[in-house]
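Each reported figure results from applying straightforward, stated rules to the coordinates on display, with no laboratory input. For clarity, every value in this text was computed on a predicted model and none was experimentally measured. Here the Cβ positions follow ideal geometry from the backbone for every residue, glycine too, while neighbour counts run over all protein chains shown.
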């Protein structure tokens, strides 16, 4: 509020309006979770489109990967996959903790997840640096980089969400057993990124 | 207590000042009120409609003669690309969002959308994206048509194509954010007394359209991301010289862009279903059939996309599949059309501008629908592919359908949005000019296409000259037809006749509050006591005149009274 310049009658009206709005807000149930799920449904359609494009390229090509594509090792991406999958279990512990009003536990588990996510991204960068093909080498290389890169972008976004929750939870009152949608949202998003990676890993590394 | 009784007891009076009227500055700010956002969408998209119309007039002027005398072939390509993109992504889709934003919360008895800030964000992505696209004329405009097929789109200029991709990604994001809001609001924010089968039909059709946006638009985004890599980073996803496959782009593009046709028409199907019963004073015929056919259209709309690719080397068995699904989509669409016709059958029809445009919508859309079934047939499509027959077909659906529908919706809901009535004689002049102009412009294109005139080319064989001149004259009438509307809307908004709360004596919730509605819409949340279209049935509508109830006795054969229709089949 800007203070003295505001006409008192108007302020009263505003105040009345705000309290009224707040009251209305309490009346109806929270739609954020449903909205997030609808959003993730739409988001998964981008990946579905890209995956199907990849599979079509693969089916149509006479040889896949095209001749002369250097071999790729599985060790680093395999470890990375294990880390990302386990991080889903780690972040779930945070959800368990916050439901018991344990904000300290929430912070610990979220920090652990953030570290695991960061290791995943670092592993991805390491893999990119050590691959013997570049973005433009051939169609196989291009799909590899774009699919993993687009997923990496989502991991990065999920990491930002986790860090945002950590930042907000400095205030012990911010999240509680009843009010912790931010925690829930970051967790669901992280699971989503994880599931996408499992599909991606199967398509790109195993199939 | 009936809805109308409820209305007379709890709605605040409107004597004197217009309630809920906003300052004009509010429309230029990041405002989270769904009514402000709705009007922002409608006016912004109408401005882009006029820009797209100027481009169309330039195209038709160039095509008045067989030679290239007004613009160079390159500029012609720019004009048709930007015309298509503007009309689809900056006019019809955002105009539908505008109507949905304004009407959905009012219709379901909510105080705002589920996520008001996201709603405002979705709107504010539209003007910058549109301005960038229009401004591309000063730098380098896209040239590859609104479909932007590679490899053509990779060869016609990086800057223009890059701008086109950017515009579409931003508009697509905006569209997805809007759809999340519509979807959640319709499913979760209805007043407790309103079951899903009591919703106004506009909400049903927006539910179906939102589902299509949520499923289809992300796939287009995926295609555009890959196309951007091809264009800017030199990869070869869609470039055959690097081992890529341009057909994959076509599949991804049409997986969105065919449903986009339904994204553009479904909101207006819903609006028409709401307008017809009011102005013919009769219950809607077949509420559930019309409601569920929207869902059927949206499901079938997702499995017909390759009918745009019959000449792209699609295998014969696949063409057969897409031919059949495409033809099947005529069934739910036909259900709607018959439902509308049965609704106005024997009704007390008021031939005002809203009703004229609604009836124009039905007749024009049926012509576009029939030519749609024609081009769904593979042998016929191979003959007319990429000719003016397709141009005629799509304009009958998108102009005769969507644009007539948007006008009908504006004439119907303008009193609610502004608190003032539009001028009727001017509205009728507007309708007659639009109707004549539209048919004069697009009807001859059917013949041009059958004779073999290719679309998207600035020059043509002199033997097509006469019909093309007719089309051009028609397009000038269309351009002029906008003027009475603009004058009417502008003048009526400032000093039109006061509308009152419910000038059409309609029964849906949006008419149960002041015009324009106050902030947060309802003084007290309304309670649903009767169906949305129970005009003239029994004692449910006390405002009905006696002769109106008489005229409603003449129901079409097979008519099921609304209460029975809503209850489903009778108990054994």
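Summary of values
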| read-out | value |
| --- | --- |
| Cβ-Cβ FRET estimate between residue A:82 and residue B:519, R0 fixed at 56 Å, reported to 0.05 | 0.55 |
| For B:242-252, mean number of other protein chain Cβ atoms within 10 Å | 4 |
| FRET E, pair residue B:288, residue B:140, Förster distance 51 Å, beta-carbon r, rounded to 0.05 | 0.50 |
| Rough spin-label spacing in nm, given labels placed 7 Å along Cα→Cβ, for residue B:316 and residue B:450 | 2.8 nm |
| Angle between chain B longest axis and helix B:287-301 axis [Cα atoms, degrees, rounded to 10] | 20 degrees |
| Gained length - residue A:168 relative to residue A:32, 0.36 nm times residue gap less alpha-carbon distance | 47.1 nm |
| For residues of A:30-41, the mean tally of beta carbons on other chains within 10 Å | 5 |
| Packing-based ranking, highest mean first, of B:221-229, A:187-195, B:257-265, B:487-495 given that Cβ atoms within 10 Å are counted | B:257-265, B:221-229, A:187-195, B:487-495 |
| Average partner coverage of B:212-225, which counts Cβ from other chains inside 10 Å | 5 |
| Structure-based [θ]222 nm, chain B - -39500 (n - 2.57) summed over DSSP H runs of at least 4, per residue, nearest 500 | -21000 deg cm²/dmol |
| Relative contact order for region B:353-404, counting Cα pairs under 8 Å that sit 6 or more residues apart, in percent | 56 percent |
| Descending principal axes extents, chain A, alpha-carbon based, whole Å | 77, 34, 32 |
| Cα centroid separation, region A:133-147 to region B:462-512 (Å) | 52 Å |
| Estimated distance in nm for a label pair at residue B:131 and residue B:43, the labels positioned 7 Å out from Cα along Cα-to-Cβ | 1.5 nm |
| Simple spin-label estimate for residue B:480 and residue A:89 in nanometres, 7 Å along Cα-Cβ | 7.7 nm |
| Gap separating the Cα centres of region B:205-277 and region A:89-127, nearest whole Å | 36 Å |
| Ascending count of other beta-carbon atoms within 10 Å, so fewest first, for B:471, B:203 | B:471, B:203 |
| Förster-model FRET efficiency, 60 Å R0, residue A:111 and residue B:196, C-beta, rounded to 0.05 | 0.85 |
| Chain B: angle of helix B:330-344 to the longest principal axis, Cα-based, in degrees nearest 10 | 40 degrees |
| Span from the region B:408-445 Cα centroid across to the region B:292-339 one, whole angstrom | 31 Å |
| Theoretical ellipticity at 222 nm over chain A - DSSP helices of four or more residues, -39500 (n - 2.57) apiece, nearest 500 | -26500 deg cm²/dmol |
| Zone of residue B:27's modelled label, taken as backbone nitrogen in region B:470-505 under 15 Å from a point 7 Å along Cα→Cβ | B:486-496 |
| Percentage relative contact order, region A:117-197, counting C-alpha pairs under 8 Å, at least six apart | 32 percent |
| On Cα atoms only, tilt of A:181-201 relative to the major axis of chain A in degrees | 10 degrees |
| Chain A, relative contact order in percent, only Cα pairs under 8 angstrom and at least six apart counted | 26 percent |
| Whether region B:35-567 is rounded, prolate or oblate, judged on the alpha carbon gyration tensor where a/c under 1.5 counts as rounded | prolate |
